[in-house]
Amino acid sequence: MSNATGTHDNATPQDFIATFTVDQTPEEAFAAINKVRAWWSGNIEGGTDRLGDEFTYRYEDVHYSKQKITEFFPGKKVVWLVLDGYLKFVEDKTEWTGTTITFDIAKNGDKTEVRFTHVGLVPSYECYGSCSNAWTFYVNDSLRSLITTGKGEPNEP
């Protein structure tokens, strides 16, 4: 649930967060976020750019997840609910299921700030280390590059 500041009410200080600032507009950042195939590796099937869209992410037999876009405010916010998930490399294969992935976008002076939060991805989860490292790359490097240069780096690690 969103509050007046556009932040996610359910987020805790332990949830994984990545934030960066760019010169592009909030609308340009929003458009890039929704071009998921251009910045996140793996096989992505389904729509990724409309409220209610559902898409699956699959990386070999290591990671599968199904997301539904539950909030979609152009230039401001996108929220994905992870409906289903499978992580081969951890004991609890469903650690992502029921978590929420949030992109908050805001003007910060003449810049645009993008704040990524994986609500529910916390240090007590076995996948936190490898998942947070991967998100750091995909958000701070690949997505940021897509916003600033028009080219993401979806197939790095």
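The values are calculated or read from the model by the stated rules, or taken from the named source; none is laboratory data. Bear in mind the structure is a predicted one, so any value in this text is a computation, not a measurement. Heads up, the Cβs are rebuilt from the backbone with ideal geometry, glycines too, and the neighbour counts pull from every protein chain shown.
Structure data summary
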| quantity | calculated |
| --- | --- |
| Members of the stretch 100-129 that are exposed (fewer than 15 other Cβ atoms within 10 Å of the Cβ) and either without any contact (Cβ under 8 Å) to a residue 60 or more places away in the chain or not basic (Lys, Arg) (or both) | Asn108, Gly109, Asp110, Pro123, Ser124, Glu126, Gly129 |
| Odd one out for Leu83 among (1) modelled with pLDDT under 95; (2) under 24 Å from Gln14 (Cβ atoms); (3) not acidic (Asp, Glu) | (1) |
| Candidates Trp80, Trp39, Trp96 - the one that is in contact (Cβ under 8 Å) with a residue 40 or more places away in the chain and of a type outside the set (Asp, Glu) | Trp39 |
| Among the residues listed as Lys35, Lys66, the single one being among the basic types (Lys, Arg) and farther than 17 Å from Asp104 by Cα | Lys66 |
| Any strands (runs of 3 or more DSSP E) falling wholly within the stretch 8-95 and containing at least 1 residues that are buried (at least 17 other Cβ atoms within 10 Å of the Cβ), more than 15 Å from the chain's Cα centre (by Cα) and aliphatic (A, V, I, L, M) | 16-22, 77-87 |
